[in-house]
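Chemist: Structure provided below as C-alpha cells; questions to follow.
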Amino acid sequence: MAGNDWINSYLEAILDVGGPAIDQQGKKPDVKSKSSLLLRERGRFSPTTYFVEEVITGFDETDLHKSWLKAAATRSPQERNTRLENMCWRIWNLARKKKQIEGDEARRSARKHLEREKGRREATADMSEDLSEGERGDHVSDISAHGESHRGRMPRISSVDVMDAWASQQKEKKLYIVLISLHGLIRGENMELGRDSDTGGQVKYVVELARALASMPGVYRVDLLTRQVSGPDVDWTYGEPAEMLPPRGSEDHELGESSGAYIVRIPFGPRDKYIPKELLWPHIPEFVDGALNHIIQMSKVLGEQIGGGDPVWPIAIHGHYADAGDSAALLSGALNVPMLFTGHSLGRDKLEQSLKQGRLSREEINATYKINRRIEAEELCLDASEIVITSTRQEVEKQWSLYDGFDVILERKLRARIKRNVSCYGRVMPRMFVIPPGMEFNHIVPHDGDIDGELEADEDNPASPDPPIWSEIMRFFTNPRKPMILALARPDPKKNITTLVKAFGECRPLRELANLTLILGNREDIEEMSSTNSSVMLSILKLIDKYDLYGHIAYPKHHKQPDVPDIYRLAAKTKGVFINPAYIEPFGLTLIEAAAYGLPIVATNNGGPVDIHRVLDNGILVDPHDQLAIADALLKLVADKQRWAKCRQNGLEKIHLFSWPEHCKTYLSRIASCRPRQPQWQRTDEFENSESDSPGDSLRDIQDISLNLRLSLDGEKLEESGSLDNALESVDNSANSKNRKIQNAVFAWSKGMQDARKAGSTEKADHNNTSNKFPALRRRKHIFVIAVDHDNDADIMGTIKNVYEAASKERTSGSIGFILSTALTISEIHTLLVSGGLNATDFDAFICNSGGDLYYPSLNSENHSGLPVEVDSDYHSQIEYRWGGEGLRKTLVRWAASIVEKEGEKDKPVVLEDPQRSTTYCYSFKVENPSLIPPVKELRKLMRIQALRCHVVYCQNGTKVNVIPVLASRAQSLR
C-alpha cells in the first residue's frame, strides 16, 4: 500500500473504539508489563490489540516515524489530533522496544552457538587421537541423527507375511511395559479431547499406544500410569484406580490373569481438583513414590504368574511429555531399567516461537508456562533416556538441536566411534528414532464411486441416508458436485488458512473447477473466541467478501468428532483434495487420515509432511509462503484426473505402513536394541511381605517428619541450585533456634506415633548377618532421615545429636531407624560420629558424597578401610549408567583451571580438585572463593554440551562441588 495513510486509518479506528489498553493507560506501554498492548485479551476480539499488532509486526520504524511527523505537522487545538499524535509516539516507541528485544534474543542465540561450537571442539579434541577422517568433518551426511537414510524410505514392514514371521519369533516373550502420561484427563472411552490444552492429541496417542502394544505378540502387560483425579469438576471415572483397555477388533492374543493394557491412576497432588500441567511440577516426587510402589508390587504379581517366582520387571519405562519424562528418569534410575522418552511438544521450541511472536517476554513466558522447569526436565530426559522417539526428522534436526544435551554432529561422531568399538571417553548421546504415530484403519472403507453415483444409490436405499454434516457443508455451495478442497485445522495464524483462501480467491481456474471447505473448529460467536482465533476468522470473512467467494466456499460453525470421517468421505467422493498449508507441521496426522479415505494431499514442505510424503507419495509438497505454488498444486490435482487417481491409489496401497501394528513392531524392535537392565538390589521374602516396610509407606512416613526442610522441584525456586539435592545441600542448620525446632518436631512426632510403635515388632537387629545388606531396615516402622549440609562440623554434629537424642527413648523398641544423608565422605562421617560420642551402628544407613555412595553399618571393620561399614555395591551397579569416569574428570579439571580469577587473586586458583574426598562415583572439588564460581546450571550446561552426563551439586555453603552420576542423588538413594 502506497504512502502512510494506512497508519492513520488504523489509528483512527483505534480512537473510534477507545480501547482501554491505550485510552485508559496513562503510562507508556511496555512489553514486560501486564498491561502491554501485545497481551491477548482472552474471550473476546480486541480491535485495539489487532490494529496495534498489525502496525508493529508489519512495518518498520521509518514508516512509523513519518506518520508521527505527519500527525505532529497537522496539530490543532482539538483533542482528537493531540491524541493521534500521542498514539503515533506510543506505537513507535513500542516498535522500538520490540526491535530491542529481538536484538537481545539474537545476541543470546549467537552466544549459545559459540558455546556449542567450543564444547564440540573440546569434545572432539579429547577424542582426536583416533578419529577417522569421516569423524573429523563437521558435514552432516545422509545418515541422520537417528541412524536412518534421508534418501531411503522408512524401514518398515511391507507385507503381511513379514509381520506374521516377526510375530512367530516374538510370541514366546512375556514383556511388561510401563507408559507414563501425567497431565490431561485420561480414560479409554469417550475421551474429552479439546476440553483444555492438556487434554489433546497426546491423550489419544498414549491410550491407543497402550492398547496396541498389549495386542502385540510377546507383550504380556502394559500399564499406562497417570494421575488420579476425584473432584466435582471432572467425571467420576477419572477417580477410578484402574481401568482395563479392551483390545480393538478380534486380535489373536494370548490372555493371562493380569495381561492386557491398563490405565493405572496414581494419587498425587491435590486430591479433589484437576490442575493444569504447569502446576504439577512440585508433586512429581509424590507420583514417583506411588508409581515405584505399584511397579514393585506388579512385578511380584507377574513373577508369580509368568516368571516362575522371580519378579518380572518392566523392559522399559516410557515417559510422554516433559513432566512424565522427569518422572520416568527417576523411576528408571531407581529400578535400573531402560528409559524411553517422547516429547510431543518441546519447551525450547515453544519458547522460541513465543519470543518470535513478541506477545510475552521471557520472564512472562516462564511465569505462565513454567518453561524453565520444563526445559530442565527435557534436558534430564536426554541425560537418562536410552531412546528418544520422535514423529519426524524435523523434530530431531530443528527442535532437539536447540538443547544443550543433543548435538546432531557430535552424535554422528559418537555413533561412528561406537560402531568401530572405539572409546568415547565417557561421552554418550541418546539414540533418536523416528517412529510416526500409528492409526487404526480397520473401520475405514474407502469408496470408489463419484458423488453422482453415490447420491443415486442413496436415493434407492433409504436405509443409508447421507450424514447430516454433508448437508451442512453443501448448503454453502452453488454447485456441490464440484471437487472439494478440504482444510481441517484450528483458526490459528500458524495454520496459514488465510494464504489458502487468497490462493483460491485469486486463481480463477481453481475457483471454476473446485469448491473450498474450511473446517475450523466450533464457534458460537466470533466475538467470544480468543483474540487470535477471532482475528483469523475475521480475516477469512473479509477475504471471502473481497474475492466474492460466496457459493464457492464452506465454513460451517459446528461439527462433532464423529463427523470428521464423514467429512473426509465427502471430499473423496467429489474427487477432491486435502490440504495442510501450515507454516510448519510437527507431524501431520490429518494427512494420514485423509490418505486413508482416498484423498490426495497438498501439504507444507516444513516438518512431518515431508516424511509422510516420502512414504505415501500421494500428493504435492509446497512452500507455505508461496501463494501461487499452493494454487498451482491444487489445480494440478483437481484438473488432472489421472494424476489424482494415481495419488489416491498410492496412498491407499501404502497407508498400512502407518498402522498401529507397524508402529508397535518398530517400537518393540527399538526397545530390543537396548542393553537389558533390571534392579540389582536383593530382596527377601520377609522384607517383601511386610506391608508397612514398602517403599511407598517408608517415604510417606519420611514426609511426615518436619525437619524444617522444604523440598521443592519448582524450576524457579531451584534455578540457581538446579535440583532436589541442591535444595537439600543448601539447608543451613547453624542456628540454635532451628535445633530447637527440630527437637520439638521430633518430640511431637514421637508422641503421636506412640500407640503405633507399641503395636510394632520388637524383633532385634542381627548386625552379624552380612547376607542381607540392610537387616535393620527390614523391621523398622519409621525412619528418620537426617539430611544436613554445612561447612561447620560442629553445626552438623549438633543437628544429628538433637534428632538422635529426641527419639532415643522410642528407639529402644526397634521400630525407629536413622539414616544420615550428607555431602561428606564416609571417613569424615565416621570421624564426626566418634567426636560426638556416636557409633556407626546407631544408624541404619549412610548416604555419602551427595548420593554418590551408600553404606550400611557392619561389625566387620575390614569392609571399608578399617571402618565399621559395608558399601552397597548394588547401588553402584545401578548409578554407573552413563558415568563418564576418567573422561569426565579430565573435563572437570580443565573447567576448574579455566575459571577467571578477580584482580588481585590471580595467583590463587578459585577451584581445585580434591582427590582425598573424591571416590569412584564422586569427583569432588574445593572452592576457595564461592562468590567467584558460576551458577551450577552453567557447569551442568557445559557438561551436557560435551555429551557428558552427570549430576552437579554445590554443597557446604558453596565451598565444595560434588559431581556424581546422573542417576545418583540423595533423594534417589532413599528410594
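Chemist: Checking the condition of a type in the set (Ser, Thr, Tyr) and either open to solvent by 50 Å² or more (accessible area, probe 1.4 Å) or modelled with pLDDT under 95 (or both), which residue from Thr478, Thr517 passes?
Modeler: Thr478
Chemist: Are any residues in the stretch 535-562 part of a loop (DSSP other than H, G, I, E, B) and either within 15 Å of Thr499 (Cα to Cα) or under 37 Å from the mean Cα position of the chain (by Cα) (or both), and if so, which ones?
Modeler: Tyr547, Leu549, Tyr555, Pro556, Lys557, His558, His559, Lys560, Gln561, Pro562
Chemist: Can you spot a residue in the stretch 766-789 that is modelled with pLDDT of 80 or more, over 43 Å from the mean Cα position of the chain (by Cα) and open to solvent by less than 20 Å² (accessible area, probe 1.4 Å)?
Modeler: no
Chemist: Collect the residues in the stretch 658-701 that are among the aromatic types (Phe, Trp, Tyr), modelled with pLDDT under 85 and not in a loop (DSSP other than H, G, I, E, B), keeping them in residue-number order.
Modeler: Phe687
Chemist: Give the residues of the stretch 358-369 that are assigned to a helix (DSSP H, G or I) and either within 17 Å of Lys937 (Cβ to Cβ) or open to solvent by 40 Å² or more (accessible area, probe 1.4 Å) (or both), sorted by residue number.
Modeler: Residues satisfying the conditions are Arg362, Glu363, Asn366, Ala367, Thr368, Tyr369.
Chemist: Go through (1) surrounded by fewer than 16 Cβ atoms within 10 Å (Cβ to Cβ); (2) outside any helix (DSSP H, G or I) for Glu527 and report which single condition fails.
Modeler: Glu527 satisfies all of (1) surrounded by fewer than 16 Cβ atoms within 10 Å (Cβ to Cβ); (2) outside any helix (DSSP H, G or I) except (2).
Chemist: Might you check whether a residue that is surrounded by fewer than 19 Cβ atoms within 10 Å (Cβ to Cβ) and at negative phi occurs anywhere in the stretch 567-583?
Modeler: yes
Chemist: A follow-up question, please. Would you confirm whether any residue within the stretch 227-238 is assigned by the TED database to the domain that holds Ile315, within 28 Å of Pro436 (Cα to Cα) and either modelled with pLDDT of 90 or more or surrounded by 15 or more Cβ atoms within 10 Å (Cβ to Cβ) (or both)?
Modeler: yes
Chemist: Among the residues of the stretch 370-385, is there at least one that is surrounded by 23 or more Cβ atoms within 10 Å (Cβ to Cβ), part of a loop (DSSP other than H, G, I, E, B) and basic (Lys, Arg)?
Modeler: Yes; the residues of the stretch 370-385 include at least one that is surrounded by 23 or more Cβ atoms within 10 Å (Cβ to Cβ), part of a loop (DSSP other than H, G, I, E, B) and basic (Lys, Arg).
Chemist: Among the numbered criteria (1) open to solvent by 30 Å² or more (accessible area, probe 1.4 Å); (2) among the charged types (D, E, K, R); (3) within 15 Å of Ile186 (Cα to Cα), which one does Glu208 miss?
Modeler: In the conditions (1) open to solvent by 30 Å² or more (accessible area, probe 1.4 Å); (2) among the charged types (D, E, K, R); (3) within 15 Å of Ile186 (Cα to Cα), Glu208 misses (1) alone.
Chemist: Looking at the structure I just gave you, is Ser361 assigned by the TED database to the domain that holds Ile180, without any contact (Cβ under 8 Å) to a residue 24 or more places away in the chain and out of contact with any strand residue (DSSP E or B) (no Cβ under 6 Å at 6 or more places or on another chain)?
Modeler: Spelling it out, it is not the case that Ser361 is assigned by the TED database to the domain that holds Ile180, without any contact (Cβ under 8 Å) to a residue 24 or more places away in the chain and out of contact with any strand residue (DSSP E or B) (no Cβ under 6 Å at 6 or more places or on another chain).
Chemist: While we're here: Name the residue that is nearest to Leu335 (Cα to Cα), counting only residues in the stretch 294-310 that are touching a Ser or Thr at 6+ places or on another chain (Cβ under 8 Å) and open to solvent by less than 20 Å² (accessible area, probe 1.4 Å).
Modeler: Ile296
The values are calculated or read from the model by the stated rules, or taken from the named source; none is laboratory data. As the structure is a prediction and not an experimental result, all values here were calculated from the model. Note that we place each Cβ from the backbone using ideal geometry, even for glycine, and neighbour counts take in every protein chain shown. With ligands, DNA and RNA removed, areas are computed over all heavy atoms of the protein, side chains included. Shrake-Rupley method; radii C 1.70, N 1.55, O 1.52, S 1.80 Å.
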